[in-house]
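Asker: Pasting in a structure now, in structure tokens, and then I'll have a few things to ask.
The values are calculated or read from the model by the stated rules, or taken from the named source; none is laboratory data. Every value quoted in this text rests on a predicted model; they were computed, and no experiment measured them. Methodologically, a virtual Cβ is constructed for each residue, glycine included, from the backbone with ideal geometry; neighbour enumeration extends over all protein chains shown. Note: accessible area is taken over every heavy atom of the protein model, side chains too, but ligands, DNA and RNA are not part of it. Shrake-Rupley method; radii C 1.70, N 1.55, O 1.52, S 1.80 Å.
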Amino acid sequence: FNFLMKADNLSFGEALRKLAQQAGIEIHSKSEPSKHGYLYRINEEATLFFQRRLASPHGDAARDYLEQRGLTPESIERFRLGLSPSDGESLMNYLTAEGFTLEQLATSGVITTGQYGRSRDLLNNRLVFPIADTRNRVAGFAGRIMDDTNPKYLNSPTTPIFNKGRLLYGFNIAKDSMKERGAVLVEGYMD
């Protein structure tokens, strides 16, 4: 395990899964019960929803903004960037039509409930940065407003699969090249 962890820059769990897969052994994890699998499915559907929105005519201004910030279409695709609608209900309506309940959406953190009990999309009219774990599963989101409104960034709340302090944005993409080229840790999603 230690050799594989150092050679491939893997965590113990990643090395265990890789070796088990090579040996044809199925692993069941108590730390990640299957009851949370729906959260990853919600986040994947939300990511696809946000990506389609950015690629649509509604995303023209956001794509211009990203181009001005120096992002290429390839980077936008690689990091799976998206755009959340401004109406506050489109994602919620889409996901409930896909069969998810409001309770599941609230647990995933993609919607929030206001003081009067009304549910709304968490991210509204923001560039969306999906935050993935080391297994490339979207665990949460960050949303950046494109004007002077505050807060500038809004992150998913802590959920059973997302803890902002335990996931490093982009690590799932950079981990393989880090051992050869090193890494520079920066603060923001656009840095």
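Asker: All but one of (1) surrounded by fewer than 17 Cβ atoms within 10 Å (Cβ to Cβ); (2) polar (S, T, N, Q); (3) at pLDDT 95 or above hold for Thr107, so report the exception by its number.
Answerer: It fails just one condition, (1).
Asker: In the range 98-123, how many residues are among the acidic types (Asp, Glu) and under 21 Å from Lys152 (Cβ atoms)? Show your work before the answer.
Answerer: We begin by selecting, within the range 98-123, every residue among the acidic types (Asp, Glu); these are 98, 103, 121.
Now restrict to residues that are under 21 Å from Lys152 (Cβ atoms): 121.
Total meeting the criteria: 1.
Asker: A follow-up question, please. If Thr134 passes every condition in (1) more than 30 Å from Phe12 (Cα to Cα); (2) part of a loop (DSSP other than H, G, I, E, B) but one, which one does it miss?
Answerer: Only one criterion is unmet by Thr134, namely (1).
Asker: Further, regarding this structure: So for the range 48-69 (the condition being in contact with a Pro (Cβ under 6 Å, 6 or more places away or on another chain) and among the hydroxyl-bearing types (Ser, Thr, Tyr)), does at least one residue qualify?
Answerer: No: the range 48-69 contains no residue that is in contact with a Pro (Cβ under 6 Å, 6 or more places away or on another chain) and among the hydroxyl-bearing types (Ser, Thr, Tyr).
Asker: When the residues of the range 148-164 are filtered to those that are of a type outside the set (S, T, N, Q) and loosely packed, with under 13 Cβ neighbours inside 10 Å, which remaining residue is modelled with the highest pLDDT? Before the answer, list the steps.
Answerer: Going through the range 148-164, the residues of a type outside the set (S, T, N, Q) turn out to be 148, 151-154, 157, 160-162, 164.
Then drop every residue that is not loosely packed, with under 13 Cβ neighbours inside 10 Å, which leaves 148, 151.
Details: Asp148: 84, Pro151: 90.
Residue satisfying both the conditions and the ranking: Pro151.
Asker: Can I ask one more? Has the range 163-182 got at least one residue that is closer than 20 Å to Glu44 by Cα, of a type in the set (Ser, Thr, Tyr) and not in a strand (DSSP E or B)?
Answerer: Yes, that holds for at least one residue.
Asker: Moving on. Do any helices (runs of 4 or more DSSP H) entirely within the range 34-102 hold 3 or more residues that are open to solvent by less than 30 Å² (accessible area, probe 1.4 Å), and if so, which? Walk me through how you get there before you give the answer.
Answerer: Numbers: elements: 37-55, 60-68, 73-78, 90-97.
Per the criteria, 37-55, 90-97.
Asker: Another one. Identify, from the list Phe100, Phe49, the residue that is closer than 24 Å to Pro160 by Cβ, of a type in the set (Phe, Trp, Tyr), without any contact (Cβ under 8 Å) to a residue 60 or more places away in the chain and touching a Phe, Trp or Tyr at 6+ places or on another chain (Cβ under 9 Å).
Answerer: That would be Phe49, the only listed residue that is closer than 24 Å to Pro160 by Cβ, of a type in the set (Phe, Trp, Tyr), without any contact (Cβ under 8 Å) to a residue 60 or more places away in the chain and touching a Phe, Trp or Tyr at 6+ places or on another chain (Cβ under 9 Å).
Asker: Looking at Leu123, Leu185, Leu81, which is the one that is more than 19 Å from Gly37 (Cα to Cα) and in contact with a helix residue (DSSP H, G or I) (Cβ under 7 Å, 6 or more places away or on another chain)? Steps first, answer last, please.
Answerer: Numbers: Leu123 fails: in contact with a helix residue (DSSP H, G or I) (Cβ under 7 Å, 6 or more places away or on another chain); Leu185 fails: in contact with a helix residue (DSSP H, G or I) (Cβ under 7 Å, 6 or more places away or on another chain).
Selected residue: Leu81, the only one of Leu123, Leu185, Leu81 that is more than 19 Å from Gly37 (Cα to Cα) and in contact with a helix residue (DSSP H, G or I) (Cβ under 7 Å, 6 or more places away or on another chain).
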